[in-house]
Every structure is written in structure tokens, then in C-alpha cells.
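S.K.: Could you have a look at this structure, given as C-alpha cells, before my questions?
The values are calculated or read from the model by the stated rules, or taken from the named source; none is laboratory data. Keep in mind it's a predicted model, so treat the numbers as computed, not measured. Here the Cβ is made from the backbone with ideal geometry for all residues, glycine too, and neighbour counts use every protein chain on show. Quick note on the areas: whole protein, heavy atoms, side chains included, nothing else; ligands and nucleic acids left out. Shrake-Rupley method; radii C 1.70, N 1.55, O 1.52, S 1.80 Å.
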Amino acid sequence: MKKPELLLPAGNMEKLEYAIKYGADAVYLGVPDFSLRAMRKGSIITSENLKEAVSLAHSLNAKAYLTINIFAYNNDIRNLPAFCEIVKDANPDSIILSDIGVFNVVRKRLPNIPIHISTQANSLNFETVKFWRDNGAKRVILARELPLTDVAEIKKEVSDIELESFVHGSQCVSYSGRCLLSDYMTNNERKANQGNCAQPCRWSYKLVEETRPNQYFEIEQTERGTHILSTKDLCLVKHIKELTEAGIDSFKVEGRTKSLYYVSAVAKAYRNAIDTYFEDNNADLSKYYEELLKVGNRGYTQGFYFGDNNSESYSYDVSKGLAGADFLCEFLGEEKDSYFKVKIKNKIIPDSTLEIITPKEQFSTKVLEIRTEDFELKPVGNTNDEVFIKFENSPIDYKYAIARTEGIMFINKKEASKTCPCAN
């Protein structure tokens with residue numbers, strides 16, 4: 001049985017590199033204006049550095065898939081040919097798209113780059129998959145609403161095309177991401193299908209009676225809260241066996257706007273889970289689920305895959321992605337007399353115990369000393385400080401090392417919105 005591809009998001013150049021180093025076989029990335037994650041701040045991937053991003057992935061022996069998955073208006077189509085010239089020069093391993101007009105332009109102008117059909121094309125049955133195959137698509141990213149039994153049937157009926165499915169990350173309350181709620185709630189300033197969703201499904205709602213405009217009533221008459229549209233996150237790491245047997249060729253993780261820590265830790269957990277399963281088909285993968293409780297989540301669900309998607313798949317009381325462990329620091333690749341230069345993400349104090357993870361290592365250790373860049377002793381490392389830290393035990397390969405709090409913070413739901421934590 002062929003080992004499935006592990007596909008991670010690359011929100012910027014650094015995340016692209018870390019995703020691959022921590023185990024991704026491929027990454028997907030996009031540029032503003034043509035992507036459904038139109039990030040415009042930070043060290044993002046743009047038309048100017050697209051070729052550099054693809055080349056970086058290739059230099060690390062991974063593939064890079066480019067998203068052109070907006071629902072295109074006339075002006076987008078007019079601008080697409082010029083962008084295709086940039087894409088041709090960058091030469092990604094595939095283009096992910098959903099719009100038929102975009103499909104036509106890309107197929108004509110970039111005939112040598114494989115096409116992957118986005119999940120937003122809502123491919124739910126084998127005849128749809130056959131249609132895309134017959135029109136030249138190499139892969140179909142199936143709709144998230146499919147039960148796994150239907151996925152297996154599609155693979156059986158259309159075995160000569162690759163199938164990709166989401167296995168982890170945030171879910172959208174709308175049908176395969178086709179949502180107009182953001183457009184409506186922002187007077188068309190934040191169009192979800194143009195890459196600029198305001199995520200109103202994560203907002204808290206109350207009921208107002210028309211003749212009592214200043215009286216707000218809780219929609220839920222329980223303590224669960226009023227985030228009535230906010231779904232829990234998908235997590236299928238314990239189900240590698242079922243996903244593989246269904247014939248899924250690529251396991252996709254959501255999260256181009258997520259942190260460097262999220263991308264690294266999730267890639268490591270799924271890489272280890274996949275490899276463990278292929279070494280021993282009866283291996284218990286629950287420890288990797290425990291690892292994923294340490295990254296941001298709204299509680300976990302199996303989505304539609306096993307036919308039990310219900311009200312328990314919603315996170316009524318927590319709308320933010322809250323982690324069971326805090327991201328403490330990122331190693332900056334510099335060592336000085338057994339001190340490692342790091343960038344602090346959350347406060348670190350001497351004598352505290354933390355967990356260091358690298359692509360190959362994972363262990364707990366104590367913080368011995370913190371020093372400034374001038375090597376003066378420092379009583380605490382505060383957020384965004386760049387300092388040198390001496391650890392009781394040090395990573396062998398520290399270039400891509402990161403550190404987090406030790407263990408998992410389990411707390412009840414009432415406390416969740418005030419601090420950290422989701423263990424579902």
C-alpha cells in the first residue's frame with residue numbers, strides 16, 4: 001500500500017521551510033489577489049518571491065502547490081494571463097483551483113503544470129471526479145462533507161486520479177467554504193470567496209426582539225454559550241488506517257494563517273503517525289492525538305468522515321483556537337558557549353522546565369540561565385525578546401528547534417475563553 005502524501009500549509013517562507021523540515025512531503029501556498037487566504041502582512045509569499053518559494057521547497061526535496069482558488073470575477077480573469085506568466089517562470093508542481101473560468105485560462109496558458117481541483121468545487125461523487133479527470137485534472141480535493149465510505153467508493157470507481165482530503169485544522173460552517181456571511185456582515189468589504197473572510201462564524205451572537213432594541217437575550221438557555229456557528233477543528237490523526245485504506249493519496253492540513261509553532265508541531269505529529277502506521281498497521285496512534293492537543297484548537301471532531309457529525313461538532317463556548325501548551329521560543333540558529341539564541345514568544349524564567357522539539361528530537365529540560373545579547377544575566381525573558389538561554393539539555397540540531405510549555409493544560413470549558421486549553 002502506498003504511503004499517502006502529507007501536505008502542509010505555507011503561509012510564508014519561514015513556515016514553508018519549517019513545514020517541510022518537520023515532515024511535510026509537499027506544501028501549498030498562494031499570493032494575494034488569487035488565493036483564499038489573502039494575507040497582506042509580514043513575510044508573505046507574493047508574485048515577486050513566488051519562484052523563490054517554489055525553489056526553496058524543491059531544494060528541500062518537497063513539492064509546492066500554488067492556489068489560484070478564488071471565485072473569479074471578470075476583472076480577475078482579465079488579470080490572470082499576466083499572472084500565468086509569473087507562474088510559468090516559478091513552475092510549481094501543481095495549481096489548485098475551483099473556478100471553471102480559471103480552469104480554462106490555466107489549462108490553455110500553463111498546459112505543462114498539473115491541475116488540482118479545490119475542495120470548493122464541491123466534488124461529492126464519482127461522476128464529478130470523472131468529469132475533472134476527463135478534462136485533464138490530475139487530482140481532486142474532495143468536499144469536506146463526504147463520509148469516508150463515499151471516499152472509498154469514489155476511489156474504487158475512479159482509480160486513475162489522485163484524491164486529496166483534509167485531515168486536520170479549522171472547519172467552515174458553510175458548505176465546503178462557500179460562504180456569504182462575511183460579505184454581508186462587512187458590507188461586502190471582506191469577501192470570503194475572494195480570500196478575505198472576517199470569520200463571523202466565530203462571533204458570539206445574542207437575540208434581540210424588534211420592539212425591545214436594547215434588550216439582548218442569550219440564544220442558548222444553557223451554559224454552553226452563543227458561538228452557535230463556530231465548528232470544532234478537524235483531527236483525524238488516530239484514523240490513518242481508515243484514511244489510507246479508503247485510498248486517499250494526500251492528507252491535507254489546514255492553516256496558512258496559523259503560527260510557525262502550529263505548522264511545525266502538526267507536521268511532526270502527522271509525519272510520525274503516518275510513519276508509525278506503515279511500520280506497524282496495528283500501532284496505537286493516540287499519543288499523536290495527545291500531541292495535537294498542545295496546538296491551537298477549538299476542540300476536535302472527526303467531521304463528516306464517520307457519519308456522526310452533530311451538535312457536538314460545534315464549539316459553542318470557545319471561538320478562538322486555544323492551545324494546550326504555550327509556544328515559548330523559536331531558536332534563531334546561533335550558539336555561543338553552550339547558550340542558544342532564541343526569540344521569546346511567551347515569558348520564560350530561569351529554573352522553569354519546558355519541552356524542546358526539533359524535526360528529530362523531543363525532550364523536556366530546565367532553563368538554567370537567560371542572558372542579553374551583551375551576555376548580561378537577565379531575570380526573565382519577555383515576549384519578543386531576543387536572548388541567549390542555557391538549557392540543562394540541549395538539542396543536537398538546533399536550527400529548527402522550538403520550545404513550548406511541558407505537558408497539556410487541561411481546564412474546564414468555563415475557563416477556556418479566559419486562558420488556554422482544549423482537551424476534547
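S.K.: Scan (1) touching a strand residue (DSSP E or B) at 6+ places or on another chain (Cβ under 7 Å); (2) outside any loop (DSSP other than H, G, I, E, B); (3) surrounded by 22 or more Cβ atoms within 10 Å (Cβ to Cβ) for the single condition Gln120 breaks and write down its number.
M.R.: (1)
S.K.: Here's a follow-up. Answer yes or no: is there a residue in region 102-117 that is aromatic (Phe, Trp, Tyr), open to solvent by less than 10 Å² (accessible area, probe 1.4 Å) and under 20 Å from Pro32 (Cβ atoms).
M.R.: No, there is no match, as no residue in region 102-117 is aromatic (Phe, Trp, Tyr), open to solvent by less than 10 Å² (accessible area, probe 1.4 Å) and under 20 Å from Pro32 (Cβ atoms).
S.K.: Could you say which residue among Lys294, Lys320 is part of a loop (DSSP other than H, G, I, E, B) and either of a type in the set (Gly, Ala, Ser) or at pLDDT 80 or above (or both)?
M.R.: Answer to the selection: Lys294.
S.K.: With the condition being at pLDDT 75 or above, I'd like the helices (runs of 4 or more DSSP H) fully within region 142-257 carrying at least 2 qualifying residues. Give the derivation first.
M.R.: On the way: elements: 148-157, 181-185, 240-245.
Once the helices (runs of 4 or more DSSP H) in region 142-257 are filtered for at least 2 residues that are at pLDDT 75 or above, what remains is 148-157, 240-245.
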